[in-house]
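What follows is calculated from the coordinates using simple rules that are stated; it is not laboratory data. It should be emphasised that the depicted structure is a prediction, and the values quoted were computed from it without experimental measurement. With ideal geometry, Cβ positions are generated from the backbone for all residues, glycine too; neighbour counts draw on all protein chains shown.
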Amino acid sequence: MRRWLSLLLWSLAGAAMAQATISPQGIIVNPTPGDLTVTVWVDKDPGRSGNAVYKMGEPIRIGVEVNRDAYVYLFNVNADGSVDLILPNAYDRNNRLRAGEARTYPPKGARYEFTITGPEGENYVLALASLRPLSLGEIADVKSGRVNLKGLRNLSQTLSIIVRPVPNREWATDAIRYYVGRRAPPPPATGTLAIESSPGGAKVFIDGAYRGRTPLVLELRPGMHDVELRLEGYEPYRARVQVRAGQTTRLSPRLVRTVRTGTLFVDSSPQGAQVYVDGDPVGRTPVQLALDEGTHDVELRLEGYEPYRARVQVRAGQTTRLSPRLVAVVRTGTLEVTSTPNGAEVYVDGVYRGRTRLLMELEAGMHDVEVRMDGYTSYRARVRVDPGATTRVFARLTAAKATLDLSVNVDAQVFLDGYFLGKTKNGRLVAKVSPGNRELVVLAPGYHVYVETVRLEPGGYHKFVVRLQRIR
């Protein structure tokens with residue numbers, strides 16, 4: 001059995017050492033955070049409160065998870081400063097985890113276990129994840145699990161040398177605290193910092209260290225802290241906030257989009273057209289404009305010519321050119337509307353214009369046409385009337401659906417013209433069906449079949465009450 005005591009945290013700042021800090025929630029000490037993250041917990045504290053308590057002789061299991069394929073190293077630092085190597089160990093040398101994989105040590109069915117043997121006090125489990133394998137041979141013996149150094153500073157200095165060849169963005173750490181003894185000491189006085197941003201998903205840096213993405217809730221030591229939020233396409237947000245013990249400080253900044261500009265040059269043939277960008281007048285052609293990077297709606301207007309509209313993409317540091325040839329206005333065209341059946345009402349742009357067959361003069365351009373007749377489904381279309389030309393619309397009207405409301409004294413199956421329509425619920429079925437003479441059949445086990453030919457009018461509402469007779 002392995003002797004379990006307590007664990008430490010260390011801080012690494014590239015090749016240089018930084019002052020070590022201890023956090024009940026665990027910390028990420030990489031000064032240049034990347035996409036790699038590692039999370040560690042103990043079986044009595046899956047929520048990572050940092051206040052789990054273990055008694056002497058009690059077994060303990062350690063959980064760890066990474067978000068990318070990585071090599072994971074687990075250390076146990078005891079209250080007296082001695083250090084144990086948890087992973088890899090003599091029974092479990094495979095310390096490579098896949099992305100999203102969560103493992104527990106020892107795993108179920110393992111030939112070894114971890115047992116609490118003291119001394120009493122505050123303990124930490126430290127996880128180090130690296131995209132590259134690390135060599136621990138100079139400080140640790142995998143067979144015995146012992147680390148041949150003692151104390152926070154010695155471990156920190158040695159690990160800084162081991163991890164130094166690995167780029168900062170390719171390693172990460174995490175830690176979890178637990179206690180050995182009858183009860184845990186009172187948790188250290190901390191305050192809560194709750195950070196949201198609009199938009200969300202911004203990276204959060206506290207006192208220069210990456211802590212996660214918004215929305216984010218952190219437990220911090222009381223005092224002043226420097227907060228920075230970073231999000232691609234937005235200006236960095238910085239603030240200095242006061243965190244008070246036992247209180248929650250909230251920070252909800254609205255991030256400001258980074259402004260990048262490009263040039264839009266607009267000309268026309270003929271020139272002198274009024275130019276509108278995103279609905280605002282900006283001058284007459286030819287005109288050169290400085291605009292924010294992105295998509296913009298452009299419109300040109302000139303008396304006697306059709307309006308010209310376009311959507312253009314402006315790129316930062318580049319010039320976008322737009323030089324349309326304007327089309328002279330021809331005012332009217334002819335619209336002919338026919339239908340089957342004939343004699344249907346015709347509405348153009350919401351105004352009644354007569355019955356089919358119908359000829360009318362309209363202003364050139366787009367028009368909404370609707371053809372209506374009682375008992376039939378309305379026909380709608382959006383048509384373009386070209387100047388000096390005839391546009392023809394033919395509306396083939398279809399009979400409107402009829403509503404069948406059927407009440408039966410028992411739940412039964414209903415058929416129309418041999419096709420299953422549905423089953424009554426609590427003796428009732430309401431359905432939209434095609435109009436006309438339809439054969440209605442109602443079936444229920446133990447009852448005589450009900451058959452009737454019914455007349456269903458287009459758009460009509462038809463209620464039928466059927467009482468099935470039991471077979472004797």
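Before moving on, here are some points about what is shown:
- Applied to the stretch 239-252, the Karplus parametrisation 6.51 cos²θ - 1.76 cosθ + 1.60 on θ = phi - 60° returns per-residue 3J(HN,Hα) values of 7, 10, 10, 9, 9, 10, 4, x, 10, 10, 9, 10, 9, 9 Hz, with x for Gly and Pro.
- The residue 248 and residue 43 beta-carbon pair, evaluated with R₀ = 30 Å, returns a calculated FRET efficiency of approximately 0.55.
- Gyration tensor (Cα) of the chain, equivalent ellipsoid semi-axes in angstrom: 72, 44, 19
- With Cα atoms, 0 to 90° folded angle of helix 152-163 axis to the chain main axis: 60
- Contact order for the stretch 261-322, expressed relative to its length and based on alpha carbon pairs under 8 Å spaced 6+ residues apart, stands at 42 percent.
- Between the stretch 306-324 and the stretch 338-415, the alpha-carbon centres lie 40 Å apart.
- Peptides 64-72, 342-350 ranked from most to least packed, by the mean per-residue count of other Cβ atoms within 10 Å: 64-72, 342-350.
- Across the stretch 100-116, rounded Karplus estimates of 3J(HN,Hα) from the backbone phi angles (6.51 cos²θ - 1.76 cosθ + 1.60, θ = phi - 60°) give x, 7, 10, 10, 10, 10, x, x, 4, x, 5, 8, 9, 8, 9, 10, 6 Hz, Gly and Pro being marked x.
- For the chain, the 222 nm mean residue ellipticity estimated from helices alone, with every DSSP H stretch of n ≥ 4 adding -39500 (n - 2.57) and the total spread over all residues, rounds to -1000 deg cm²/dmol.
- Dividing the convex hull volume of the alpha-carbon atoms in the stretch 402-466 by its residue count gives 70 Å³ per residue.
- Interchain or long-range residues, amide H under 5 Å from residue 364's placed H: 332, 333
- For the stretch 39-158, the gyration tensor built on C-alpha atoms gives a rounded shape. Its axis ratio a/c (a ≥ b ≥ c) stays under 1.5.
- Rg over Rh, two decimals, the stretch 191-251 (C-alpha only, Kirkwood Rh): 0.95
- Each Lys and Arg contributes +1 and each Asp and Glu -1, all at the Cβ; summed about the Cα centre of the stretch 402-466, the dipole is approximately 180 debye.
- For the stretch 261-322, the average shadow cast by the Cα convex hull is 3.6 nm², which is a quarter of the hull's surface.
- For the peptides 212-222, 270-280, the ranking by mean Cβ contacts within 10 Å, running from highest to lowest, is 212-222, 270-280.
- Cα-only radius of gyration and Dmax that characterise the stretch 233-293, units Å: 21.9, 72
- Secondary structure note: in the chain, about 80% of the DSSP beta bridges are antiparallel.
- Projecting the Cα atoms of 173, 40, 362 onto the charge dipole of the chain, computed from C-beta unit charges around the Cα centre, puts 40 farthest toward the positive end.
- Relative contact order [Cα under 8 Å, 6+ residues apart], the stretch 290-329, whole percent: 41
- Under the convention that each Lys and Arg Cβ holds +1 and each Asp and Glu Cβ holds -1, the size of the dipole of the chain around its Cα centre is about 1240 debye.
- For the stretch 362-370, 3J(HN,Hα) computed residue by residue from phi via the Karplus equation (6.51, -1.76, 1.60; θ = phi - 60°) reads 10, 4, 4, x, 8, 9, 8, 10, 10 Hz, glycine and proline entered as x.
- The chain - percent relative contact order, Cα under 8 Å, separation 6 or more: 10
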